[in-house]
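The values are calculated or read from the model by the stated rules, or taken from the named source; none is laboratory data. Treat the numbers as computed from the prediction; the structure is a model and nothing was measured. Counting neighbours? That spans all protein chains shown, and the Cβs are built from the backbone with ideal geometry, glycine included. The protein model used for the area step is the full one, side chains on, heavy atoms only, and it has no ligands, DNA or RNA in it. Shrake-Rupley method; radii C 1.70, N 1.55, O 1.52, S 1.80 Å.
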Amino acid sequence: MAACVHKEAAVNVTLPTHTATVAPSRAVAGSTVPGSAQDFRVNAGDTVHFAYNQHGIEESEKVILQRQANWLNKYPRVRVTIEGNCDERGTREYNLALGARRANSVKEFLAGQGLAMNRIDTVSYGKERPICIESSESCWAQDRRGLTAITSGAATS
């Protein structure tokens, strides 16, 4: 019975408006305001993904984080919050802790690229903010993520 309640609750969750971008899109980039949140999403990418039950950053995801670091170094007034997320498997408490480790992994990578730690906050949402609600590996893979959200200092679009 609890599983049914969980699924119903997941359907009613407000989905984040952030979208992942793996590679810069030149067609859209021309219509963005430099230094804006949209510029960040389009040209740097705002999301990295994690393997099941892991918080280490995979080599393929480091490319995205390097683009994020380059963009953030170009706009030194921008502050961000790294949101750690997990898939639906595991307890709420476990996933909150794993989400925190994921967010901190992203923060440490960005700090290692020269960003001041005081520009980067972290938060864990655990499994509370799914972007896909089907119980399948392809959906779970989308939910295991670290999202870099601009919180202040960006140009307005």
- Note on the structure: Taking first residues from the stretch 113-142 that are of a type in the set (Asp, Glu) and second residues anywhere that are assigned to a loop (DSSP other than H, G, I, E, B), the pairs with Cβ under 8 Å that are 6 or more apart or on different chains are GLU128/VAL13
- Query: Which residues, taken from the stretch 121-134, are open to solvent by less than 30 Å² (accessible area, probe 1.4 Å), at pLDDT 95 or above and over 16 Å from HIS55 (Cβ atoms)?
  - Reply: PRO130
- Query: Any chance the stretch 85-103 includes a residue that's basic (Lys, Arg), at pLDDT 95 or above and open to solvent by less than 50 Å² (accessible area, probe 1.4 Å)?
  - Reply: yes
- Item | Hits in the stretch 140-157 (condition: hydroxyl-bearing (Ser, Thr, Tyr) and either in contact with a Cys (Cβ under 8 Å, 6 or more places away or on another chain) or open to solvent by less than 20 Å² (accessible area, probe 1.4 Å) (or both)) | THR148
- Query: Among the residues of the stretch 49-57, is any modelled with pLDDT of 95 or more, closer than 16 Å to ALA37 by Cβ, of a type outside the set (Asp, Glu) and in contact with a Leu (Cβ under 9 Å, 6 or more places away or on another chain)?
  - Reply: no
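If you check ALA27 against the conditions, is it at pLDDT below 95 and in a helix (DSSP H, G or I)? Talk me through it step by step, then tell me what you get.
On the way: at pLDDT below 95: yes; in a helix (DSSP H, G or I): yes.
Yes.
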- Check off (1) farther than 16 Å from HIS49 by Cβ; (2) in contact (Cβ under 8 Å) with a residue 24 or more places away in the chain; (3) not in a helix (DSSP H, G or I) for ALA100 and give me the number that stays unchecked. (3)
- Those residues of the stretch 29-50 which are within 16 Å of ASN73 (Cβ to Cβ) and either open to solvent by 10 Å² or more (accessible area, probe 1.4 Å) or in contact with a Gly (Cβ under 7 Å, 6 or more places away or on another chain) (or both) amount to PRO34, ASP39, ASN43
- Within the stretch 123-134, the count of residues that are small (Gly, Ala, Ser) and farther than 13 Å from GLY90 by Cα comes to 1
- Which listed residue, of GLU59, GLU108, GLU137, is open to solvent by 40 Å² or more (accessible area, probe 1.4 Å) and over 23 Å from PHE40 (Cβ atoms): GLU137
